[in-house]
Amino acid sequence: IYILAIESSCDDTAAAVLQNGKMLSNIVARQDVHEQYGGVVPELASRAHQQNIVPVIDVALKKAGVEKSQLSAIAFTQGPGLMGSLLVGSSFAKSLAIALDVPLIAVNHMQAHILAHFIDEEGFDKPEFPFLAMTISGGHTQIVKVNNFFDMEVIGETTDDAVGEAFDKSAKILGLPYPGGPLVDKYAKEGNPKAFAFTKPKVPGLNFSFSGLKTQILYFVQKNVSENPDFIRDNMNDICASIQYTIINILIEKLKLAVKETGIKQVAIGGGVSANSGIRNTLKEAEKKHGWKTFIPKFEYTTDNAAMIGIVGYQKYLQQMFNDAAVASKARIEL
Ligand code: ATP
Ligand code: FE
């Protein structure tokens with residue numbers, strides 16, 4: 001079974017080809033037009049998708065060595081995401097499915113971040129149901145009890161900013177370009193995580209809050225810069241390490257509580273922030289420290305990609321969960 005998958009929910013245009021759940025190609029065209037604006041400009045994102053989608057799909061098919069006539073189904077991201085971006089991918093997927101007379105499969109982007117763990121990869125185990133998944137991305141921060149492929153319960157989530165936003169907004173305060181998350185990670189590697197102390201928000205249960213932390217960092221930086229104009233430059237590594245340490249502590253504390261409350265010790269992470277080296281190391285350590293079995297996605301399946309859309313497409317194909325061409329893109333969808 002060959003699935004062509006298309007992902008265009010935000011600012012990356014991506015296409016992948018999977019054969020029976022194994023990735024044959026996974027192509028991402030990043031859009032750097034947004035860098036100068038310090039965030040994604042929706043209108044520019046949909047225009048860039050429009051330019052990129054045909055070549056990206058061509059390259060994905062060529063790299064996989066698969067002809068269009070061999071495809072079993074077309075999977076695409078239905079949402080959540082930016083409407084103008086989603087529409088480019090869905091229109092293309094619909095047209096191609098009609099032209100090739102193959103099934104069309106609509107995929108929830110957040111389910112895909114979780115189910116990326118089911119892509120066949122040498123050296124990577126697949127979780128068994130039920131397991132806990134923490135989705136940490138640019139738009140979401142959730143703890144999910146995953147009972148089956150399409151039976152998921154959100155048991156905790158952010159009440160304000162997503163953790164990816166916390167990284168990106170902190171980076172912006174430090175004068176770093178968008179998206180700043182990977183840069184904070186890079187500088188943090190050279191810094192002392194205990195150089196500066198930030199207080200963690202007090203949020204009951206399994207929910208999160210990150211907007212207070214952002215404000216705290218802003219005031220901290222402003223105060224120090226007023227005393228030493230070179231404060232950021234002189235302390236970049238330590239500031240980034242301290243911010244990252246605080247964020248990881250917030251995440252891991254909630255995960256521990258989720259394991260305690262559910263009794264489930266299989267813990268997976270997914271979404272762009274699961275690329276972060278600090279969270280990856282901390283989760284690995286948790287195997288020995290807390291006796292968890294942890295699932296850390298391969299780096300290329302952390303930030304937005306189409307392979308994760310393809311694996312959901314494959315599972316839906318096996319269960320004959322198809323959509324007709326009237327299926328609508330949605331800026332917001334529940335899990
Ligand atoms: P969503 O999946 O919620 O719809 P999205 O698709 O825009 O949002 P992703 O592509 O999954 O988000 O993740 C992007 C986020 O991941 C950005 O906020 C980015 O800064 C963050 N990120 C990527 N790499 C790292 C890293 N190494 N450390 C910290 N954050 C990172
Ligand atoms: Fe995403």
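What follows draws every value from the coordinates through simple rules; no lab data is involved. The structure displayed is predicted, hence computed values, not measured ones. Here Cβ is always computed from backbone atoms with ideal geometry, including for glycine, and neighbour counts include all displayed protein chains.
Mind ordering 196-202, 215-221 by average Cβ neighbours within 10 Å, highest first?
On the way: 196-202: 13.1, 215-221: 15.7.
Highest to lowest by the protection proxy: 215-221, 196-202.
Per residue of the chain, what 222 nm ellipticity follows from adding -39500 (n - 2.57) for every DSSP H run with n ≥ 4, rounded to the nearest 500?
-14000 deg cm²/dmol
In what order do D101, D125, D11, D238 fall by count of nearby beta-carbon atoms within 10 Å, going from fewest to most?
D101, D125, D238, D11
For a protection proxy built on the mean count of beta-carbon atoms within 10 angstrom, sort 321-333, 55-67 highest first, please.
Put in order of decreasing packing, that is 55-67, 321-333.
With a Förster radius of 56 Å, plug the Cβ-Cβ distance of E227 and K298 into 1/(1 + (r/R0)^6) and report the FRET value to the nearest 0.05. The partial results should precede the final answer.
Working: r = 44 Å, r/R0 = 0.79.
Computed FRET efficiency for E227 and K298 comes out at 0.80.
Tell me, what ³J(HN,Hα) does each residue in the stretch 20-30 have, in order and in whole Hz, if you take phi through Karplus 6.51 cos²θ - 1.76 cosθ + 1.60 with θ = phi - 60° and put x for Gly and Pro?
Listing the rounded values in order: 6, x, 9, 7, 9, 8, 8, 10, 10, 9, 7 Hz.
Relative contact order (percent) for the stretch 132-277, with alpha-carbon contacts under 8 angstrom and 6 or more residues of separation?
Values: 252 pairs, mean separation 48.4, N = 146.
Computed value for the stretch 132-277: 33 percent relative contact order.
Of all DSSP beta bridges in the stretch 1-144, what percent run antiparallel (nearest 5)? Show your work: numbers first, answer last.
On the way: 18 of 28 bridges.
Restricted to the stretch 1-144, the bridges split so that about 65 percent are antiparallel.
Send over the Kirkwood Rh of the stretch 184-260, from the inverse of the averaged 1/r over different Cα pairs, rounded to one decimal Å.
Working: mean 1/r = 0.0750 Å⁻¹.
In the stretch 184-260 this quantity evaluates to 13.3 Å.
When every alpha-carbon pair in the chain is counted, what percent end up more than 28 Å apart?
Everything past 28 Å amounts to 42 percent.
Inverting the mean 1/r over all pairs of different Cα atoms, compute the Kirkwood radius of the stretch 250-335 and quote it in Å.
After inverting the mean inverse Cα-Cα distance, the result is 15.3 Å.
Find the Rg to Rh ratio for the stretch 124-268, where Rh is the Kirkwood radius over alpha-carbon pairs and Rg uses the same atoms.
Numbers: Rg = 16.7 Å, Rh = 16.2 Å.
With Rh from the inverse mean 1/r over Cα pairs, Rg/Rh is 1.03.
Using alpha-carbon pairs under 8 Å, 6+ residues apart, how would you state the relative contact order of the chain in percent?
25
Could you work out how far the C-alpha centroid of the stretch 70-146 sits from that of the stretch 254-277, in angstrom?
When both Cα centres are located, 20 Å separates them.
Based on the Cα atoms of the stretch 1-79, what semi-axes does the equivalent ellipsoid have, where each is the square root of 5 times one gyration tensor eigenvalue, given in whole Å with the largest first?
For the stretch 1-79, the semi-axes come out at 26, 11, 10 Å.
Place the peptides 203-212, 248-257, 70-79 in order of packing, highest mean first, counting for every residue the other Cβ atoms within 10 Å and averaging per peptide.
Answer by packing, highest mean first, reads 70-79, 248-257, 203-212.
Setting aside same-chain residues fewer than 8 positions from K316, which lysines have a Cα under 28 Å from its Cα?
Result set, ordered by chain and number: K22, K62, K63, K68, K94, K126, K145, K265, K293, K298, K330.
Output ³J(HN,Hα) for the stretch 123-139: one whole-Hz value per residue in order, computed from phi by the Karplus curve 6.51 cos²θ - 1.76 cosθ + 1.60 with θ = phi - 60°, and x for Gly and Pro.
Karplus-based 3J(HN,Hα) across the stretch 123-139 equals x, 10, 7, 9, x, 9, 7, x, 9, 9, 10, 9, 9, 10, 9, x, x Hz.
For the stretch 108-172, what does the equivalent ellipsoid look like in terms of its semi-axes, each the square root of 5 times an eigenvalue of the Cα gyration tensor, given largest first in whole Å?
Equivalent-ellipsoid dimensions as semi-axes: 24, 15, 9 Å.
Among S91, Q320, T282, pick out the residue whose Cα is farthest towards the positive end of the charge dipole of the chain, where Lys and Arg carry +1 and Asp and Glu carry -1 on C-beta, about the Cα centre.
The residue sitting farthest along the positive end of the dipole is T282.
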